[in-house]
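Have a look at the structure below before the remarks.
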Ligand code: HT7
Ligand code: ZN
């Protein structure tokens with residue numbers, strides 16, 4: 001596969017004003033007729049160069065210009081498409097192709113999922129449907145006719161339905177017209193025997209929009225939450241961004257086989273069933289919240305992505321970073337803002353920082369790729385959202401809103417760049433973002449080192465901030481970033497100090513130099529800084545806090561995020577000491593102050609349950625690994641296990657009391673309070689069961705047997721799988737499966753819990769799971785649950801010292817690559833970061849990677865990831 005560079009971008013030679021598509025659906029031989037109205041792009045130069053049309057795995061039946069069939073000398077077949085000779089500046093191009101949805105296991109283009117036709121065109125799937133200039137800067141008005149047997153009563157595409165009727169031989173047709181120009185990646189088609197839920201939404205200007213959610217009949221009772229979330233998202237986008245929906249209908253379809261979470265096709269969002277279907281009996285609170293955020297995300301794309309789209313795929317974060325920022329704020333407004341921020345930052349620190357430190361590290365706007373689907377990453381999405389959040393912090397809410405209004409107004413109907421976004425923000429606010437743009441072009445996680453000095457006689461306090469950023473592939477030297485550092489200063493009683501004459505107690509320092517000092521005056525005592533409040537920039541920050549200072553921040557900081565962060569720093573310090581003791585054969589001990597801090601969190605009745613639950617979480621093994629310079633997997637597992645056990649034993653009575661207080665029977669509700677209480681209760685259950693005492697396991701069994709919702713049921717199952725004796729664990733696993741084997745989403749949860757189990761020797765259980773009838777290598781959700789659950793969610797067993805986990809992953813990835821290259825490339829990631837591991841584990845990961853490389857004939861997706869990590 002070849003490398004594509006941003007610097008090589010050229011405007012397209014031809015534009016496509018109209019696209020008429022006509023589908024005759026058949027499982028193995030769907031006929032696709034397309035009629036394109038094409039004209040020379042006036043912005044692209046002189047002459048009439050040949051027209052390149054992308055096409056992959058297509059059978060070309062015919063091609064004609066203005067009705068005249070072209071003979072083979074007028075076009076050249078190439079591996080990735082066809083090159084057509086052109087002799088006029090405007091013409092109609094008619095193409096007929098044949099495709100095979102049934103055998104399409106890549107889940108790109110048109111495919112069948114449980115007997116239902118559906119499409120996935122982002123990023124480059126449309127070229128698997130017909131020959132087309134498949135690039136996002138070609139925007140066209142689409143009309144789509146679908147002809148199918150009447151066993152497929154529901155025939156959907158983008159826009160508004162304009163006609164329907166019978167066809168010969170028990171067939172029927174529906175025609176859809178999308179009045180908005182769009183790139184081919186936003187095209188969608190669905191055909192199946194589906195039921196739907198319907199609702200409506202009145203927009204701010206009084207237009208009535210029909211809302212429909214389509215699923216297989218058996219899931220129709222699981223769509224209410226998504227529809228409710230959709231209406232909330234529509235209202236929120238009007239209130240916060242002034243953005244109204246623009247078509248008369250908005251449809252959502254649930255599909256079981258899907259490579260990602262969902263897809264924002266114009267007026268016809270397609271969702272992975274796991275990200276849209278939920279009922280209290282079958283879905284956990286986390287699932288309900290994920291659905292709300294993804295429904296919001298895809299809806300928000302209607303403006304940030306569809307009305308204003310990307311010029312090329314290097315600009316992916318233009319739509320994804322901005323839309324993740326929008327969905328995060330939506331979720332924060334709908335639920336607990338503090339908890340949402342903590343969850344997002346945990347994800348970023350654990351997984352995006354790892355990406356930045358690994359062989360695939362890339363800037364938020366990458367400057368090259370081999371396969372674009374490998375760049376739907378946490379860097380583009382989550383770090384991209386942090387970059388937008390920093391703009392929000394620097395401009396303030398009003399300046400940011402003026403910037404987004406200008407951006408949408410200026411670029412509506414266009415395909416644009418990250419530069420256009422930043423320029424609109426700058427122009428609207430008159431704030432200089434020249435240096436800030438480096439966040440888009442430089443990869444890596446910046447490191448801030450902060451020192452301070454207090455002059456008692458002058459009453460001045462000086463903070464000195466140094467910034468640096470480690471080298472990443474292809475980028476050795478980094479120039480200083482423009483970093484908003486939000487902070488407050490605390491006095492010895494925990495009060496916020498006033499920072500200026502206006503009574504301000506919090507400020508944003510703008511770090512722009514490699515080293516910079518900031519002075520605060522008129523202070524009567526040395527303050528304690530609360531740094532990087534609300535995680536105001538995606539950086540690592542180092543300040544030599546003592547344990548006492550962290551304990552103080554944990555109980556006094558007015559910034560909830562930093563209270564949690566102080567608890568994490570304390571835990572990291574303790575875990576680092578434990579690892580050191582383990583490595584040197586010393587005695588493992590947890591400081592009494594830490595145990596006391598956990599006790600006081602548990603006993604503090606003034607703290608909200610949501611915060612208590614967060615403060616009690618020990619950092620995951622993966623996040624400890626990410627924070628280590630050299631990852632010593634065995635020491636990490638031993639240290640964390642010891643800390644968990646020690647806390648569980650020392651605070652057994654407190655955990656028990658809290659659990660009992662919260663374990664009251666009541667009807668299910670998704671209120672923020674009830675969600676928080678369930679989380680806290682189940683955190684207590686986890687600590688209790690870590691002791692593996694009969695008393696604790698009996699509580700888990702009781703909860704497992706009597707829970708009236710999946711959050712509690714799944715939490716109980718998880719602790720039984722991890723901590724009960726073999727007999728009790730196996731019985732729970734079996735009973736759960738017998739109860740839920742017909743429900744795809746619950747079966748996925750069940751598979752995932754087993755593959756994440758830290759029971760010793762779990763690999764053999766995972767090997768059995770992939771033989772289980774519920775496992776299917778062609779279904780990405782099942783692959784993510786079992787193979788991903790093991791390689792990404794089971795730190796202790798995947799990193800067993802004999803390397804068997806890595807070899808297992810390599811074998812699975814080799815098989816998977818033949819079916820679904822995108823999913824194979826996603827699953828291989830854990831072993832690509834081999835360089836950060838100590839000794840033998842690094843060597844064994846590398847052997848597994850070489851095995852994949854040598855297996856021959858890799859897809860472009862997998863080749864890019866594996867070859868870059870072996871370099
Ligand atoms: N914009 C969508 C991306 C997506 C995707 C990308 C590659 C392969 C399959 C895919 N399915 C969806 C989803 C989103 O970010 O909203
Ligand atoms: Zn998106």
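Bear in mind these aren't lab numbers, they're just calculated from the coordinates by the rules spelled out. Given the structure is predicted, the values throughout are model-derived calculations rather than measurements. A quick note on method: Cβ atoms are made from the backbone with ideal geometry, for glycine too, and the neighbour counts reach across all protein chains shown.
Computed quantities for the displayed model
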| read-out | value |
| --- | --- |
| Helix 672-690 axis, angle to the chain major axis (alpha carbon atoms, nearest 10°) | 60 degrees |
| The range 1-193: relative contact order in percent, alpha carbon pairs under 8 Å with at least 6 residues between | 22 percent |
| Label-zone membership for the range 250-287, site residue 702, 7 angstrom Cα→C-beta point, backbone N under 12 Å | none |
| Centroid-to-centroid separation of the range 574-592 and the range 118-143 [C-alpha atoms, Å] | 56 Å |
| Helix 652-662 vs. the chain, principal-axis angle (Cα, 0 to 90°, nearest 10) | 50 degrees |
| Stretchable slack from residue 457 to residue 525, in nm (0.36 nm times residue separation minus alpha-carbon distance) | 23.5 nm |
| R0 of 56 Å, Cβ-Cβ distance residue 599-residue 855: FRET efficiency to nearest 0.05 | 0.55 |
| Rg/Rh (Cα only; Kirkwood hydrodynamic radius) as it applies to the range 1-193 | 0.97 |
| Alpha carbon centroid spacing (whole Å) that separates the range 429-473 from the range 597-666 | 32 Å |
| Exposure proxy ranking, count of Cβ atoms within 10 Å, fewest first, for 758, 530 | 758, 530 |
| Computed helical MRE - 222 nm, the chain, DSSP H runs ≥ 4 contributing -39500 (n - 2.57), nearest 500 | -12500 deg cm²/dmol |
| Ascending count of other beta-carbon atoms within 10 Å, so fewest first, for 454, 214, 126 | 454, 214, 126 |
| Highest-first arrangement of 770-779, 39-48, 624-633, where packing means the average Cβ count within 10 Å | 624-633, 770-779, 39-48 |
| Value of Rg/Rh across the chain [Cα atoms, Kirkwood radius] | 0.97 |
| Taking 143, 379 and counting other C-beta atoms within 10 Å, the order from fewest to most | 143, 379 |
| The chain: relative contact order in percent, alpha carbon pairs under 8 Å with at least 6 residues between | 8 percent |
| For the range 158-182 and the range 825-847, distance of Cα centres in Å | 50 Å |
| Spin-label pair residue 92/residue 491, simplified geometry with 7 Å Cα→Cβ offset, distance in nm | 8.2 nm |
| Efficiency of FRET from Cβ geometry, residue 771 and residue 668, R₀ 25 Å, rounded to 0.05 | 0.10 |
| Potential extension, residue 498-residue 587 segment - 0.36 nm per residue separation minus Cα distance | 27.5 nm |
| Sorted largest first, extent of the range 212-311 alpha carbons per principal axis (Å) | 38, 26, 24 |
| With Cα atoms, 0 to 90° folded angle of helix 337-347 axis to the chain main axis | 80 degrees |
| Backbone N under 17 Å from the residue 3 label point (7 Å along Cα→Cβ), restricted to the range 319-352 | none |
